[in-house]
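A quick write-up on the structure given underneath.
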Amino acid sequence: ATISQAGPLYRVVDSRLSISCNVSGFASNSARKEFEFRVKKPALPIEINIISTDDPSFSYAVYARRVRSKEITLTHVSPNSVVFEIQRLEKSDEGEYECFVINSESVYDGVYRAKTTVKVLDNSLTVSSPGSTSLSYNEGETLTLTCQASSNTVQHTHLSLAWYVHKNGEDGARPIISLDRDFTLSPGQGFAGRHQAGLIRLDKIGAATYNLKMAKLGLSDQGRIYCQAQEWVQDPDRSWYCIAQTDVAPTTLSLVVNILAQPTTLQEGQELLLSCSIQSQALEESFFSVAWLRGGVELARIGPTGILSVGPEYSARVKEGELRAARTAAGDYSLILQPVRTEDQGEYICRAWPQDRGQDGGFTEGAAHDSSSKRVKSGLSLQMQNNVSVNESDTLKLTCKVHGAQGQLSVTWQHKAAATPTAAFASVVSLNQEGVMEKAAELKSRKVKATRAAADTFILELDEVTPSDSGVYQCAVSEWKINSKISQSRTANVTVAPTESFVNVKLISRNNIVSVGETVELICRIRGLNVPATLTWSLQRDASTLDNILTQYSDGSISWSGEQHRYQLKVEVKEYQALHYLIINGVSHREAGRYQCGVSVFLDNVHKKLPPSNPLAVNVQNPVSKLLLTSTSARTSNINTDIEITCSVALSSSASSCYAVTWLLRQPGENKTIISSDRDALLTYGSQLELSYKQRIGMKRTVGPTFVLGIRQAQISDKGSYICEVVEWLQDPQRDWYQLSSASRTIELTLIEPGKAQSLVATEGDEVEFRCNIISDASSPSLFYKVSWLYAEYGSSIANALVELDHTGLLRYPENQGLRGLQERLRLSRPTQSSFYLGIHRAHEGDSGMYKCKIEQYQLDHKAHWQQKASESESCALLNSSTARRLMTSCPSDACPLKVQSDCYTVFNHKCQLFVSKMQNGHFSNGTAMFPFLMVMMLVFMVLCIFSNLFPCLAFFFFFCSIV
């Protein structure tokens, strides 16, 4: 909600308008809110922008000047509150004012504006006081003053009136007595006792007359007494506001002090008479102290008893009889200076203090009363600016104007350094009465001259000033007459600001964080320098020293320290500043670092270095890599075959990218690097590889690019996860190589031993899957396959068909009552043309045995009859843990044109264990009774292994394990 001061508000022309505006309900109460004020005037019913806390250019032209001059202000008093003020209302300011708060939140909820009507009235308050403006009274007399105040405002208003006294020497006036708008009478501080005693009264007579009566006046009542009337209006919020205030011309109740100088224009050696007179009641009975002052410095004083005292500067002249002062009559005092000197010219005043003599003879000093000033001048006077500031290398120009001269004039310009203020002035240059200029010997090499621009004007010009030229400069002018010369001098304090104090050098950039190959633009901004300068660009790489890139001299020539083709320069000269651009095209890592620009100027025949700019860091980053690799996720092959594993670049960051490739092998408990190829295709083998392994490993690159890892005569130990890690390399514009982030792909390599039965150990309840894959001669579309899964119980040589999927797609479960339970838990699938999977759901102990996959190949002949072309089979043994029995079979060794491989899997990753302990009632059986038997069996096993071939040894080993 937005709330502004309630209206209408009635104000008068030239009075101050103040409107408060508050907002509430925002989510953040502490965040500063931005406000705007507009007005809609009666004669022009459109909104006119006045002022905004957010936008300095918000004001329309009709209010812009008053906003810039601070006549109209909008000030925050809290984050949620502002005060709008117009210092001096104009008649045209009448209208409906709207306070609007800018909503910085994402939702609108409430009222964001409030209005206040303002009426501007003419000021009709008049105040007058008949009678003399200067009155003299004796102590104890009674003062009566009259003040008339009235208003013709159409709006209902109240008047208040107060009488004030402003004593000499005090900063402000003090109220004597006042009558407020509610007709309450109040005496001022220091007058309450006299008011209670009836000595001070304020009476209202009729509608507009106010009388002040002060009885038993004292010296403390002296001063300027005046009345002040105020007009008040009541605002809608029931508060009273002063809309007008008028003071009447003051009536002076005091001593009158006058000064008279004879003559006011003097020549050296003449007499100066300064007369001081006091006008007051009962002068004969009164005591005064009187002093003469020149330029605020007291020359002499005569005390109430007539004793003369002088200031320290004039004590010597009193002794020489050059200064005399005395009281010549009641209220009359005189001071004589003879012979008068040039330094005696100036503004003189008389100051008088009334003195009250106490019963003990001591005096109490009253308030001081000054006369008007009287200027005493010689026939020759000078005018010159007191303080002059100039920047280093600029031209110092001093003007000395002469007044009251009648004869021929000559001028001498002198200087003394600021560091030695007590030293004598040294001549700079002079111009005699014939107009001949003469420079001081010390300044022969400097560009300095004295000219007379007009009959009364002398000018000193000193080019290319330096800070050592600071100090006090004196213009000494002599007027030449027959047999006489009058001289006058004036001084000016000159400050030469060193260049570093007004020149600002700043280094900025719009893009100092870039990627390789982009463009960087650095801007060296120089403000306040108006002489040719030399600009140096430098770069600091890492923690090394600062290296110069280039130097641009004041004559426009350039000295390059870096590679010129990398940089471009541009200069823009604007008002009060120059912008020097350093543009780095195709940035590389070599250009990264902290940049600075330094400026030097040639002043006073020496090169002067200015403080360098702020350092600005340029960060060069590598671009984000777009590298994307593709490969197969898994590969299955037979041992003793040559294998190629590929990894290809599908997307690169640049067409000119080079690649470093590393092939790694991850196996259980071991990770090792196999082979690497750097960006130049130089091959390096892993340090962990044996020589025999290195001889079987190779790597090549093909179009794409594709990276091929070759393994010759693969062995079962070569299986595992092969990781292809590729790093992309690019060249920056400096033709330096840099690398981007790497990408990798993992390929699982599975190796099998053809002709060897695969075995599996599973536990009851496992999900089991057998995979039978055609690994050769399976791609022709004219070939069809029949798959048969057969099962033989443990210890039986008879294999029974479990399920058949013939070459026409017909699925058949052969009738076998003993296998019905197993057949009901079978799942047959063919995910690819060459893959046939058999799954067993929740394996039982009775499912142990030999499983065989038989594949038959068929093709239609020219008579559309099916012809069997080939046949192949593979076996796998399934072992349940509760029986811990293992059956090993081998595939037929005869060669077949159709090659089939079989894999055994459990869905849950149970490891196949060679030995599994047999459980009895949940506990291991006691091994003590079995010990003699085990020893005999071990002896038989050793004999068979020593004197027989491998197969009986292994068969006995598995039989032994089944018993255990």
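The values are calculated or read from the model by the stated rules, or taken from the named source; none is laboratory data. Bear in mind that the values here come from a model prediction, so they are computed numbers and not experimental data. Don't worry about glycine lacking a Cβ; one is built from the backbone with ideal geometry, like all the others, and counts go over all protein chains shown. Side chains are part of the model used for accessible areas, which takes the heavy atoms of the whole protein and leaves out ligands, DNA and RNA. Shrake-Rupley method; radii C 1.70, N 1.55, O 1.52, S 1.80 Å.
Considering each residue of the range 636-644 in turn, at least one proves to be over 18 Å from R745 (Cβ atoms), in the same structural domain as V726 (by the TED database) and either acidic (D, E) or open to solvent by 80 Å² or more (accessible area, probe 1.4 Å) (or both). For the range 204-243, taking the residues that are of a type in the set (G, A, S), more than 57 Å from the chain's Cα centre (by Cα) and closer than 18 Å to G188 by Cα, the one that is surrounded by the most Cβ atoms within 10 Å (Cβ to Cβ) is identified as G223. Filtered by the rule that a residue be out of contact with any Asp or Glu (no Cβ under 7 Å at 6 or more places or on another chain), in a loop (DSSP other than H, G, I, E, B) and of a type in the set (A, V, I, L, M, F, W, C), the range 37-83 gives a lone residue, A43.
Conditions (1) open to solvent by 90 Å² or more (accessible area, probe 1.4 Å); (2) at pLDDT below 85, marked per residue:
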site: E521; (1), (2): no, no
site: S557; (1), (2): no, no
site: Q564; (1), (2): yes, yes
site: V573; (1), (2): yes, no
site: Y576; (1), (2): yes, yes
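Apart from one condition, S478 fits all of (1) under 26 Å from G556 (Cα atoms); (2) buried (at least 19 other Cβ atoms within 10 Å of the Cβ); (3) modelled with pLDDT under 90; the exception is (1). Summed over the range 535-550, residues that are buried (at least 21 other Cβ atoms within 10 Å of the Cβ) and either outside any strand (DSSP E or B) or not assigned by the TED database to the domain that holds Y567 (or both) total 0. Within the option set R327, R317, being assigned to a strand (DSSP E or B) and either open to solvent by 50 Å² or more (accessible area, probe 1.4 Å) or under 25 Å from S489 (Cβ atoms) (or both) holds for one residue only, R327.
Taken over the range 22-74, the criterion of being among the charged types (D, E, K, R), closer than 18 Å to V120 by Cβ, touching a residue at least 40 places away in the same chain (Cβ under 8 Å) and surrounded by 19 or more Cβ atoms within 10 Å (Cβ to Cβ) is satisfied by R38 alone. Criterion first (open to solvent by 50 Å² or more (accessible area, probe 1.4 Å) and within 30 Å of N123 (Cβ to Cβ)) does P263 satisfy it? In short, no.
Considering only the range 466-473, I want to know if a residue exists there that is among the small types (G, A, S), outside the structural domain of Q270 (by the TED database) and surrounded by fewer than 18 Cβ atoms within 10 Å (Cβ to Cβ).
Scanning the range 466-473 turns up at least one residue that is among the small types (G, A, S), outside the structural domain of Q270 (by the TED database) and surrounded by fewer than 18 Cβ atoms within 10 Å (Cβ to Cβ).
Residues that are at pLDDT below 70, open to solvent by less than 30 Å² (accessible area, probe 1.4 Å) and in contact with a Ser or Thr (Cβ under 7 Å, 6 or more places away or on another chain) within the range 854-885 comprise E874, S875, C876, A877, L878, L879, N880, T883, A884, listed in sequence order. Considering the range 369-382, and only residues there that are at pLDDT 80 or above and among the polar types (S, T, N, Q), the residue that is surrounded by the fewest Cβ atoms within 10 Å (Cβ to Cβ) turns out to be S372. Of the strands (runs of 3 or more DSSP E) lying entirely inside the range 431-508, the ones with 3 or more residues being in contact with a Ser or Thr (Cβ under 9 Å, 6 or more places away or on another chain) and touching a residue at least 24 places away in the same chain (Cβ under 8 Å) are found at 457-462, 471-481, 484-497.
On the basis of being of a type outside the set (F, W, Y), touching a residue at least 40 places away in the same chain (Cβ under 8 Å) and out of contact with any Asp or Glu (no Cβ under 6 Å at 6 or more places or on another chain), does L535 make the cut? Yes; evaluated as a whole, the condition is true for this residue. Remark: pairs (first residue in the range 678-706, free of Cβ contacts under 8 Å to residues at least 24 places away in the same chain and closer than 30 Å to S656 by Cβ; second residue surrounded by 11 or more Cβ atoms within 10 Å (Cβ to Cβ) and among the basic types (K, R); Cβ separation under 9 Å; 6+ apart in sequence or on different chains) = A681/R701; Y685/K694; G686/K672; G686/K694; I697/R712; G698/R712. For S797, the criteria (1) more than 30 Å from R635 (Cα to Cα); (2) of a type in the set (S, T, Y); (3) touching a residue at least 40 places away in the same chain (Cβ under 8 Å); (4) out of contact with any Leu (no Cβ under 9 Å at 6 or more places or on another chain) hold in every case but one, which is (3). Whenever a residue of the range 383-399 is open to solvent by 50 Å² or more (accessible area, probe 1.4 Å), its partners that are assigned to a strand (DSSP E or B) and of a type in the set (G, A, S), lying with C-beta atoms within less than 9 angstrom and at least six residues away or across chains, give the pairs Q385/A492; N386/A492; N387/A492; S389/A497; N391/A497; T399/A453. Within the range 154-176, take every residue that is more than 22 Å from S220 (Cα to Cα) and modelled with pLDDT of 80 or more and give me the one that is most open to solvent (accessible area, probe 1.4 Å). My answer is H156. For the residues N619, N640, the requirement of being in contact (Cβ under 8 Å) with a residue 24 or more places away in the chain and either of a type in the set (A, V, I, L, M, F, W, C) or part of a strand (DSSP E or B) (or both) singles out N619.
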